[in-house]
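Everything below concerns the one structure shown next.
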Amino acid sequence: MKRRDFLFTTLIAGFPVAALSSEDEYAPRYVDVIVVGAGAGGLTAAYSAALKGASVLLLEKMPKLGGDTFLSGGYFNAVLTPEESSWFPDYPPDSIELYTSQINQLAEGLNSPKLARTLAENSRDSLEWLKKLGIRFLPTPYHVYGGKYPRSFLTETGNGRIYIQVLAEACLSKRVQVSTNSRVISLIKGNEDNRIVGVIAQGPEGPSTVFARKGIVLASGGFGANSSKLREMVPWAADLGTDSNPGATGDLHDAVYAVGGKLTNMHFVECVPGSSAHENNPVRLDYNPRKFIFVNENGKRFVNEELPRGKISEAYFNGGFKRCYSIVDNQTVQEIQLNRKKNVYKGLYKNMVWRGNSVEELARKLNIPEENLFQTIQECQFDKQILTPPFWAANVVFKIHLTLGGVEINEKAQVLDELGKPITGLWACGQVIGNLHGKYRLGGNGINCAVVFGRLAAKNLTQ
Ligand SMILES: Cc1cc2nc3c(=O)[nH]c(=O)nc-3n(C[C@H](O)[C@H](O)[C@H](O)COP(=O)(O)OP(=O)(O)OC[C@H]3O[C@@H](n4cnc5c(N)ncnc54)[C@H](O)[C@@H]3O)c2cc1C
């Protein structure tokens, strides 16, 4: 096996191949660019900077690469071409303006509209860039849960792992130095003009200091796995369980704050349905919000399923319900991407999914009043296309999916201080950003934020 192939296989499989230490060939004291975190954002920034000829050190605190990106569903939002738009006559033609306005509408005044526009403007180009790197997407985009438009492109594999595999391979091909088990604990300020010049990282052999000649990119994700921070910021949600990877502890939120950076929207999280609080492969039927309904233990709908994700979970929690199910018909199940459909069928044997040849049979299996469920479905069956038996239901438990707060950046991906001025030498991309989504996030705006702003950070800091 070639050395590069060995590194690639071991990094993805989760074996530590390189940890930061002074003797280590992967831990030079001076590099051009330091990238913190090896999800989609960090790998994109590292590869893009290396393409420009920079020497790059990528520091990842966990033993393996991937972060939330690895666990994700793999959808990537991008503005549709006119031809793609024409496939969806029920929707207006897509455009940068439409996409931007949808992000801003959900933000409720708590984001940077300029940042929203930057994301919309660069989303398509980043999708094409990923395709050129070798990631294959299904041709027809989806309208996803929490989305407002069918502009979510799904990887052929139906998950987010492929981003990590392809981007890690690209990084290694450009000799990016990758150091796992290397947790950045603080940022170092230079003597002149408050520039951030380096990081202190904790490796298995103790702390190391690394300096960056050109800049540092923060791509360290959210804090959904940090229970004490959740308890402080969002006490009502702290015990819900989380989808986040164990590395999502918000270390860099604290580090940025310590050097004068501004944190924003730290009190907002997004909850989405999983099967149970600790299920790794949640079984879901709630993909297209125009084709499913949520019902409570009384067989009644309690919310418009096309609302933002956060509003749906608020309606559930505020209603004080004891149970929730998503309900679809057989036609919709058959349209689910193959790997996900397999999970749905497996769910039948795990008491997570139920199927009934009639609505009444389904209601009996769910132990909810037959006449209520019958009436509920009768009222919306044409709108929601719940027409073809058998009818399916999945158990729904709302968990923390994402934290929405983080550092403020500008359109160049520079991290901002309390006065709104860029902190020299410091850049950020992906979920660590706090001023993009605002109060509610548009479904499918996750991986694209990592890739778009990762590319912009690398482009601007290597200029
Ligand atoms: C179950 C699930 C499904 C999702 N599905 C989708 C989807 O289909 N489409 C979509 O757009 N979004 C989706 N999202 C959201 C999306 O995954 C994230 O917004 C996006 O992947 C974030 O990328 P990132 O690079 O910013 O962070 P991550 O991918 O989370 O990477 C951050 C990395 O930084 C590392 N790190 C943290 N602190 C430190 C430190 N101190 N030192 C060194 N390293 C550190 C972490 O260990 C991690 O590896 C989903 C999220 C989840 C949890």
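The values are calculated or read from the model by the stated rules, or taken from the named source; none is laboratory data. Owing to the predicted nature of the structure, the values given are computational and were not obtained by experimental measurement. When we count neighbours, we look across all protein chains shown, and the Cβ atoms used for this are built from the backbone with ideal geometry, even at glycine. With ligands, DNA and RNA removed, areas are computed over all heavy atoms of the protein, side chains included. Shrake-Rupley method; radii C 1.70, N 1.55, O 1.52, S 1.80 Å.
Values as computed for the structure displayed
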item: Of all DSSP beta bridges in the chain, antiparallel share, percent nearest 5; result: 70 percent
item: q = 0.08, 0.09, 0.11 Å⁻¹, the chain: log10 I(q)/I(0) [Debye, one scatterer per Cα]; result: -0.46, -0.58, -0.85
item: Inter-probe distance in nm under a simple model that places probes 7 Å from Cα toward Cβ, at Lys365 and Trp87; result: 3.1 nm
item: FRET efficiency estimate (nearest 0.05) - Cβ-Cβ, Glu297 to Gln378, R0 25 angstrom; result: 0.85
item: Residues whose placed amide H lies under 5 Å from that of Ile188, excluding near-sequence neighbours; result: Val197, Gly198, Val199, Ile200
item: Gly224 long-range amide H proximity, modeled H, under 5 Å; result: Thr403
item: Average accessible area per residue (Å²) across segment 276-395 - probe 1.4 Å, nucleic acids and ligands excluded; result: 49 Å²
item: Protection proxy ranking, peptides 445-456, 245-256, 86-97, 314-325, average beta carbon neighbours within 10 Å, highest first; result: 445-456, 245-256, 314-325, 86-97
item: Prolate/oblate/rounded label for segment 162-283 (Cα gyration tensor, a/c 1.5); result: oblate
item: Global form of segment 414-463, assessed from the alpha-carbon gyration tensor, a/c cut-off 1.5; result: oblate
item: Cross-link table Lys229/Lys439; Lys214/Lys399; Lys132/Lys229, entries beyond 28 Å C-alpha to C-alpha; result: Lys214/Lys399; Lys132/Lys229
item: Relative contact order (percent, whole number), segment 276-395, Cα cutoff 8 Å, 6+ residue spacing; result: 35 percent
item: Leading residue at positive end of dipole, segment 276-395 (Cβ point charges), from Val333, Tyr349, Pro308; result: Tyr349
item: Dipole magnitude of the chain about its Cα centre (Cβ charges: Lys, Arg +1; Asp, Glu -1), debye to nearest 20; result: 780 debye
item: Gyration tensor (alpha-carbon) shape descriptor, segment 276-395, a/c threshold 1.5; result: rounded
item: Protection proxy ranking, peptides 170-180, 346-356, average beta carbon neighbours within 10 Å, highest first; result: 170-180, 346-356
item: Reachable aspartates and glutamates, given that their alpha-carbon falls under 13 Å from the alpha-carbon of Lys52 and they are not under 8 places away in the same chain; result: Asp32
item: Estimated distance in nm for a label pair at Lys132 and Glu97, the labels positioned 7 Å out from Cα along Cα-to-Cβ; result: 2.9 nm
item: The chain: relative contact order in percent, alpha carbon pairs under 8 Å with at least 6 residues between; result: 23 percent
